[in-house]
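What follows is a short report on a single structure.
Only the coordinates and a few stated rules stand behind these numbers; no lab work does. No experiment lies behind these values; they were computed from the predicted model shown. Glycine gets a Cβ as well: all are built from the backbone with ideal geometry, and neighbour counts include every protein chain shown.
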Amino acid sequence: MVLHSDPHAKSTARAERPSWIAGCCAGEPTAVAAMFSEYCETVERVIYRLVGATPDLEDLVQTTFIEAMRSIQRYRGEASFKTWITSIAVHVAQHHLRAGLMRRHAPLDLVPEARVASPMPNLEVQLDERRLSSRLHALLDKIPARQRIALLLFTVDGRSVEEVAALMGASQSTTRSRVFFARRALRAKIAADRDLAELAESIVGCRKEGAA
Amino acid sequence: MSSCRQARDAIIAVVRQQATEAESLRLEVHLGLCASCRSEQARWHLMEQLRDQPPLRLGEAARGRVLGNIVMFSPAGARTRERSRLRLAIPFLLTTTAVVAVAWVLAARGWKNSAAEPSLAEHRNTAPAVIQPVLVQAQTQAKTIDQIIDQTIRAQGPGTLEAPGARIAYRAGTSFRMLARGRRIELFAGEVDVEVAPGGPGRFRVVAPRFIVEVIGTRFIVRPTGVETLHGTVRIVDAAGRELAVLHAEETWNVEQAGPLPLALAEDGFLPTPPPAGSVRTVAPALVMPDSASASDHHPVEGATKPPGRNRADLLIAEARSALAAGDPELARARISAALGARPTGRQRAVADLLAAASFLVEGRYEEALAAYRRTAESFGKYPESETAAFAIAQLLCERDSTDEARTALQAYIERYPEGRFVQDARRKLASLP
């Protein structure tokens, strides 16, 4: 698949081809480690955005990198490596969602260092936010995987339709259609979920109190 | 902003943080006039929650594991594996050649060696043969189970081993290792026929390269490619302890049914330790009595017929529940014990364990109840009973004024089950703790 997320970046990306690519092609452990350390966070973020909190995060990240290693010989530098590996992560997440084997709890050892370190307003808000996020993902679970991914990449990640289409290997019109139907489905599901609205109000209220 | 449709597009643009100042202003004006779009905006603000939440990340240990696996699957890793195989193969071939030569010389001297080797099925019906496993590593012979513990064995001919509470028959060419005082076998090649007496010392396991068989008092045959149960019940799990299948008498299971599995052999202690099925000293809640354990939610064995024992287990669990409701915890535990011996499914075992814990609670045996709840919570993670047990632990600790432990248990429950049935109660309890 050829990705053209930025037509002007094509020649630049070719010029800035990372030095460890050749090492990865040869399977050198140091090059693989360099690639992993540089893009692990990106892959984790993409998969978390698309799949939500799941104990399968480690498996999905590993699958993404193993798939990348298998096809790295075919990487020609026509898109940036980040875009290329993101597209693999999107496909891995899509495959996982379509398999329908979602597990909705996160194991305790996946609690992020960043979150622990970041100042939280209070425990109540933190719990509400987690619950809200989890509930939203539960609603998203009811939307077809492709529509869900298109919606999340477009709405939450703020990517353009062209980028989403390239990442998912679909046409722009198909992508627009997926986003449209996902929005419609999610709107209906959110409207039917009163608990969700109460949670949102609770969080907004707590934040206002905190700000005051 | 002329229409609600345009306003809704603008709302999405705001959520995506890509709205211009002018668009935002026009949207504000429209929202001031249109209640419907205000509710629409409130709904889409929820999506901001997903964007603003910091993503979960793998810990350092998990990253290390992932990196190790990636390197292993890289082209260089494949070459390393190939070299390792060659390094292992050369001494193995030399050893095998030497062993074959010795056997040939002995046979030439008139030893009645098995020219036509009986199959394992034939071997099962014969008296135990002389145990003379050949130790590949030590190149010596051992005659008792103690001498071969922790040693890799490659059997030249068929034979049997008597382990504590179990008898293991093997055929020629079988390669295996006995661990955990003879209660665990790692099978590398060939075939073992295992007969395990119920109520032996601890759980008996056979670890094959791609799956693990847990024994619940039975007789069965294990090959690296599958399992055949002759009588009784076995549970097949993967290296992570996830249940792949439960096999009853006369059923077979093939590893291909399990799909891709981790190839690495598991280390000691990796598995959760569900309570021994034969000795019911387990589990469960005063909170919620499970309605029914009839859900056959273990992974069904393809082509296997539904065992008649499942209904019996249901019946016994129902009797246990009635006995507990009537205030007779001993009778309840007797029924639970019988149920666990009646080929229960994974779900039925979880329900039985919860009931057993409840029976301890009724008698005021808090420590045993707590231990039973912990086993249920850890061993039956995929069933609702696990959630019930997790909350029961926290509740019990609160009642016993173990404040710190109760806080930890409540936080763990909320973390693990953010939409759980008891999450509101858990949060209230957490807030009320001193």
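Treat the count of other C-beta atoms within 10 Å as a stand-in for reagent exposure and order B:Tyr417, B:Tyr383, B:Tyr170 from fewest to most.
B:Tyr417, B:Tyr383, B:Tyr170
Arranged by the count of other C-beta atoms within 10 angstrom, fewest first, what order do A:Cys40, A:Cys24, B:Cys34 take?
Fewest-to-most Cβ neighbours within 10 Å comes out as B:Cys34, A:Cys40, A:Cys24.
Taking the number of other C-beta atoms within 10 Å as the exposure measure, put B:Leu94, B:Leu50 in order starting with the fewest.
On the way: B:Leu94 10, B:Leu50 20.
In increasing order of surrounding Cβ atoms, one gets B:Leu94, B:Leu50.
Holding the Cα-Cα limit at 28 Å, pick out from A:Lys189/B:Lys429; A:Lys82/B:Lys382; B:Lys382/B:Lys429 the pairs that are longer than that.
Checking Cα-Cα distances, A:Lys189/B:Lys429; A:Lys82/B:Lys382 exceed 28 Å.
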